[in-house]
Amino acid sequence: MSEKKTEDRVLDELLNNMPKFTDKRSKDEMYKLVKSKIEIQERPEKRNRLEVSMNKWLPFIISVASVLILTVLVSSFINKNESSTADKAQESSMAKDHMRTMDIPEEASMATEEDKSSDMSTMSGKIVSSYELVPFDSLITSVYENDLNGGTVFHFSLLENALSIPITIVIPKEQIDMDFPNKTPNSFELYERYAFGIDEISLGFQEYHPYKGYFLTEGKMLKHYLPVDHGYDAAPGTMAPYLASINEIFTDFDTFLRVNEDGSPIDWDQVGTLDEPVELKGTEKKVNYFAYNGSNGETYLAPNFNKTFATLSEALMDMRDPGNDIYTSVIPNNVTYTIREDKGLVIRFDKPLNLESLDVSEASRLLEAFSLTAASFNQSIQLENVVQESWDGINLSSSLPVPIGPNGFTLRTN
């Protein structure tokens with residue numbers, strides 16, 4: 001028998017002895033898995049990336065997928081001690097069929113516009129290297145309706161010292177029209193598009209985004225597929241900001257489910273197996289706001305460890321003392337007030353409040369923190385016994401305007 005025939009016979013025997021291989025993950029899940037691994041490899045260089053088209057990465061994606069598939073097949077073959085002779089033909093056929101259908105990334109990248117509407121984010125179009133976040137140049141730093149100018153709000157989160165600081169990014173209409181033609185993106189699509197290009201370090205914060213793993217959506221439920229070494233459950237200092245930032249970013253989803261990379265229920269350290277989704281709070285978080293002095297020298301408005309309250313009155317009265325040294329109350333020590341119900345809540349200062357007696361930034365934060373606290377209950381409030389009738393364009397003789405979010409930034413493309 002020739003050497004070539006011997007090799008062919010050995011190869012046939014190997015194929016016939018291939019174990020039956022099954023994988024319950026969908027094409028969407030496999031594509032997102034491959035995409036997330038590519039992004040992790042690219043992450044150290046993301047600040048210097050130029051615009052590249054999807055076609056450039058397509059061969060690499062297919063190569064990575066092939067390596068993953070072959071690794072799983074070889075591992076399964078090694079661990080398989082016995083294989084029934086009667087099942088050999090069936091197993092070989094199954095293996096060949098599976099190999100023919102596992103060219104997932106290429107299929108996913110060539111999805112039609114109809115396929116894209118199935119809630120799976122794709123790497124379509126061009127990837128922009130980075131975005132610049134420009135803080136609002138105003139005493140009032142929160143975002144209001146009249147700040148949008150047709151733009152879109154992207155709620156985001158910056159991390160420092162295990163604290164999640166919410167920010168509100170206004171994306172100009174021209175950018176949205178270019179990135180999402182004839183479409184209104186949801187929070188998940190905004191995150192997928194812009195989070196990778198935000199330089200958190202340049203803003204003076206920890207580099208935290210994008211999250212490890214990948215996301216898929218099922219209606220109003222957001223699912224996070226996490227790798228084994230995700231580390232979000234390593235300690236309370238990693239778990240709290242992770243969950244807080246999820247709540248702050250994905251404001252239009254009702255529930256959130258963490259799962260393993262293969263879609264199975266995940267074991268969360270000190271909690272146990274998570275097999276049920278948790279409720280997301282949306283924009284109605286029922287929190288109150290304090291000042292946080294960042295290490296970059298800037299002051300931000302943020303919830304006090306996302307402590308929640310049953311009523312708005314309770315939250316407003318609690319704003320006088322944060323109960324820790326991390327946050328600072330926006331209310332001066334000599335300022336006291338009462339709260340009453342009068343076709344909505346009214347805060348009346350015990351003594352006339354002269355905003356001009358305060359630092360201009362402190363006076364603005366006082367008004368903003370009251371408004372943001374009320375907005376987190378989906379309510380508005382009115383102030384009484386204030387010397388000024390208006391402050392930086394805010395009419396103080398009527399209910400305070402309802403902000404969309406704290407700590408406003410405008411997104412620009414580099």
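The values are calculated or read from the model by the stated rules, or taken from the named source; none is laboratory data. Predicted, not measured: the structure shown is a model, and the values here were computed from it. Neighbour counts are summed over all protein chains in view; Cβ atoms, including those assigned to glycine, are modelled from backbone coordinates with ideal geometry. Only protein heavy atoms, including side chains, enter the accessible area calculation; ligands, DNA and RNA are left aside. Shrake-Rupley method; radii C 1.70, N 1.55, O 1.52, S 1.80 Å.
Quick one: is LEU190 assigned to a strand (DSSP E or B) and open to solvent by less than 30 Å² (accessible area, probe 1.4 Å)? No, not satisfied.
Among the criteria (1) farther than 28 Å from ILE140 by Cα; (2) in a helix (DSSP H, G or I); (3) touching a residue at least 60 places away in the same chain (Cβ under 8 Å), the one MET239 does not fulfil is (3).
One residue is enough: does region 214-236 have a residue meeting the conditions open to solvent by 20 Å² or more (accessible area, probe 1.4 Å) and of a type in the set (Ser, Thr, Tyr)? Among the residues of region 214-236, not one is open to solvent by 20 Å² or more (accessible area, probe 1.4 Å) and of a type in the set (Ser, Thr, Tyr), which makes the answer no.
If the condition is being touching a strand residue (DSSP E or B) at 6+ places or on another chain (Cβ under 6 Å) and hydrophobic (A, V, I, L, M, F, W, C), then region 185-200 contributes PHE188, LEU190, ILE198.
Return yes when PHE305 is surrounded by 13 or more Cβ atoms within 10 Å (Cβ to Cβ) and modelled with pLDDT of 95 or more and no when it is not. For PHE305, the condition - surrounded by 13 or more Cβ atoms within 10 Å (Cβ to Cβ) and modelled with pLDDT of 95 or more - is not met. On the given criteria, is GLU207 under 14 Å from the mean Cα position of the chain (by Cα) and open to solvent by 60 Å² or more (accessible area, probe 1.4 Å)? Answer is yes for this residue. In the set ILE246, ILE266, only one residue is over 12 Å from the mean Cα position of the chain (by Cα), touching a residue at least 24 places away in the same chain (Cβ under 8 Å) and not in a loop (DSSP other than H, G, I, E, B); that residue is ILE266.
Within region 223-266, the set of residues being under 28 Å from LYS286 (Cβ atoms), in contact with a strand residue (DSSP E or B) (Cβ under 9 Å, 6 or more places away or on another chain) and among the small types (Gly, Ala, Ser) comprises ALA240, ALA244, SER245. PRO403 meets each of the listed conditions (1) more than 22 Å from PRO135 (Cβ to Cβ); (2) of a type outside the set (Asp, Glu); (3) open to solvent by less than 40 Å² (accessible area, probe 1.4 Å); (4) within 35 Å of the chain's Cα centre (by Cα) apart from (1). Taking (1) in contact (Cβ under 8 Å) with a residue 24 or more places away in the chain; (2) open to solvent by 60 Å² or more (accessible area, probe 1.4 Å) in turn, LEU366 satisfies each apart from (2).
Among the numbered conditions (1) farther than 29 Å from SER202 by Cα; (2) touching a residue at least 60 places away in the same chain (Cβ under 8 Å), the only one that ASN385 does not meet is (2). Cβ-Cβ contacts under 9 Å between residues 6 or more apart (or on different chains), taken from a first residue in region 167-184 that is over 30 Å from THR299 (Cβ atoms) and modelled with pLDDT of 95 or more to a second residue that is surrounded by 18 or more Cβ atoms within 10 Å (Cβ to Cβ) and of a type in the set (Gly, Ala, Ser), are listed as GLU174/GLY151. For region 388-400, enumerate the residues that are open to solvent by less than 50 Å² (accessible area, probe 1.4 Å) and assigned to a strand (DSSP E or B). Those that are open to solvent by less than 50 Å² (accessible area, probe 1.4 Å) and assigned to a strand (DSSP E or B): TRP391, ILE394. Would you please list the contacts, defined by Cβ atoms under 8 Å and residues six or more apart or on different chains, that run from a residue in region 277-291 that is farther than 16 Å from SER313 by Cα to a residue that is among the charged types (D, E, K, R) and surrounded by fewer than 19 Cβ atoms within 10 Å (Cβ to Cβ)? From region 277-291, the pairs are GLU279/ASP254; LEU280/ASP254; GLY282/ASP252; GLY282/ASP254. Within region 368-401, the set of residues being touching a Lys or Arg at 6+ places or on another chain (Cβ under 8 Å) and acidic (Asp, Glu) comprises GLU384 only. Against the definition (of a type outside the set (Ser, Thr, Tyr) and assigned to a helix (DSSP H, G or I)), how does ARG365 come out, yes or no? Taking the combined requirement at face value, the residue satisfies it.
When region 335-363 is filtered for residues that are polar (S, T, N, Q) and more than 30 Å from ASN161 (Cβ to Cβ), the ones remaining, listed by number, are THR336, THR338, ASN354, SER357. When VAL287, VAL278, VAL330 are screened for being surrounded by 15 or more Cβ atoms within 10 Å (Cβ to Cβ), under 27 Å from ASN186 (Cα atoms) and within 30 Å of the chain's Cα centre (by Cα), only VAL287 passes.
Among the candidates ASP318, ASP325, the residue that is without any contact (Cβ under 8 Å) to a residue 24 or more places away in the chain and surrounded by fewer than 20 Cβ atoms within 10 Å (Cβ to Cβ) is uniquely ASP325. Being closer than 23 Å to GLY237 by Cβ, without any contact (Cβ under 8 Å) to a residue 12 or more places away in the chain and not charged (D, E, K, R) holds for only one residue in THR273, THR308, and it is THR273.
For LEU163, state whether it is within 20 Å of the chain's Cα centre (by Cα), farther than 18 Å from THR251 by Cα and modelled with pLDDT of 90 or more. So LEU163 fits the description; yes.
Based on what the data block shows, is PHE180 under 20 Å from the mean Cα position of the chain (by Cα), surrounded by 21 or more Cβ atoms within 10 Å (Cβ to Cβ) and of a type in the set (Phe, Trp, Tyr)? Against the criterion (under 20 Å from the mean Cα position of the chain (by Cα), surrounded by 21 or more Cβ atoms within 10 Å (Cβ to Cβ) and of a type in the set (Phe, Trp, Tyr)), PHE180 does not qualify.
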